[in-house]
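Data first, discussion second: the structure below is written as structure tokens.
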Amino acid sequence: MGIDQAFETILRLGIFLSVLITIAVLEVIYPRRIMRIPKGLRWRANIGISIVNQLLTRLIMPLSATALAILCAERGWGLLHQFTLPSIFEFVGAIVCLDLIIYWQHRLYHLIPVLWRFHCMHHTDTEFDVTTGIRFHPVSILLSAFIKLGAVLLLGPSALAVAVFEILLNATSLFNHSNLSLPVTFDQRVRGLLVTPDMHRVHHSIRPDEQNHNFGFNFPWWDHLFGSYQAQPSEAHTDACIGLDQFRGSSEVRIRKLLTQPFRTT
């Protein structure tokens with residue numbers, strides 16, 4: 001199934017901004033933790049680096065994941081094109097498989113030192129709110145984009161499945177990095193299907209042992225299946241220390257500092 005690329009871009013941007021603004025407002029009304037760094041300073045850096053990432057991706061990437069999915073459908077490339085499956089199974093299966101690949105990509109970013117150098121910028125944020133979900137180093141973003149193209153080429157999902165997955169990935173990244181205070185019972189029910197802020201906050205702990213848990217972005221199932229799930233941090237969520245020891249100065253909350261952190265990390 002083909003989709004108009006311009007329409008997809010507008011739709012994704014509209015949903016992204018709607019989710020970002022909604023969560024940002026709710027964080028003010030129902031905050032989980034007290035923020036100690038001025039929001040304006042962090043937001044300028046986090047949103048700024050996200051804009052840089054989008055521009056670079058548009059400039060460097062040969063084609064989008066949805067465009068590649070259309071090409072795969074035309075030429076019969078990918079595992080899903082080798083079988084005749086009901087559309088709904090193919091659609092759901094593609095999203096689940098793509099999410100599994102993103103889970104393992106995330107684990108490899110932590111396991112392989114050279115990948116960690118660039119991914120760690122995401123972890124140097126000493127606060128944890130909706131903008132942490134868009135704070136990634138450009139090299140990490142570009143590598144992720146190429147991995148996503150490889151996954152689409154391997155699987156051959158429909159363009160619709162790819163577009164829905166990318167929208168879901170962006171929305172859940174904003175949600176599970178948010179500073180939202182959710183009722184405990186609601187959190188427990190939601191984390192059976194989606195990664196919640198309390199679940200993912202464990203992953204952003206300053207403790208290395210906790211950083212190596214809860215890698216999921218969309219679905220929590222992979223952490224349970226592959227033994228990387230941790231229900232709660234060692235300290236209370238309101239007190240747990242976030243970030244990395246090496247980059248805790250206020251001067252690090254600037255775009256030029258963020259871009260050079262991979263080359264200054266130990």
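Projecting the Cα positions of Ala163, Val202, Cys120 onto the charge dipole of the stretch 105-226 (unit charges on Cβ atoms of Lys, Arg, Asp and Glu, taken about the Cα centre) puts Ala163 furthest along the positive direction.
Taking each residue as 0.36 nm, the span from Leu85 to Leu63 lengthens on full extension beyond its C-alpha to C-alpha distance by 5.2 nm. Summarising the label geometry, the points placed 7 Å from Cα in the beta-carbon direction at Phe7 and Ser234 lie 5.3 nm from one another. Hey, what angle do you get for helix 255-264 against the long axis of the chain, alpha-carbon based, 0 to 90 degrees rounded to 10? Long axis of 255-264 versus the principal axis of the chain: about 90 degrees.
What's the magnitude of the charge dipole for the stretch 5-264 around its Cα centre, counting Lys and Arg as +1 and Asp and Glu as -1 at the beta-carbon? Answer in Debye, nearest 20.
Working: 22 positive and 18 negative charges, 159 e Å.
The dipole of the stretch 5-264 has a size of about 760 debye.
Starting with the highest mean, order 193-203, 220-230, 53-63 by the number of other Cβ atoms within 10 Å, averaged over the residues of each peptide. Present the calculation step by step, with values, prior to reporting the outcome.
Numbers: 193-203: 21.8, 220-230: 16.3, 53-63: 12.7.
Result, highest mean first: 193-203, 220-230, 53-63.
Full extension of the chain segment joining Phe146 with Ile206 gains 18.7 nm, where the gain is 0.36 nm per residue of separation less the Cα-Cα distance. Label positions at Thr185 and Gln54, each projected 7 Å from the Cα along the C-beta direction, are separated by 4.0 nm. Judged by the mean number of other Cβ atoms found within 10 Å, the most tightly packed of the peptides 239-248, 32-41 leads the ranking 239-248, 32-41.
Translational diffusion coefficient, Stokes-Einstein: compute it for the stretch 5-264 using the Kirkwood radius over C-alpha pairs as Rh, at 37 °C and 0.692 mPa s, and state it as an integer in µm² s⁻¹.
Values: Rh = 19.0 Å.
For these conditions, the coefficient is 173 µm²/s.
Please give the helix 5-29 orientation as an angle from the longest Cα principal axis of the chain, in degrees from 0 to 90, rounded to the nearest 10. Compared with the principal axis, the helix lies near 30 degrees.
A simple packing score, the average count of other Cβ atoms within 10 Å per residue, orders the peptides 123-130, 75-82 as 123-130, 75-82, with the highest score first.
For the stretch 185-255, state which GluC sites (Glu not before Pro) are in a DSSP loop and have at most 15 other beta carbons lying within 10 Å of their beta carbon. Can you show the working numbers first?
Working: sites: Glu210, Glu235, Glu252; in loops: Glu235.
Qualifying residues, ordered by number: Glu235.
Every number in this text was worked out from the coordinates using simple rules, so none of it is lab data. Because the structure is a prediction, the values reported are computed rather than measured. Using ideal geometry, Cβ is built from the backbone for each residue, glycine included, and neighbour counts are taken over all protein chains shown.
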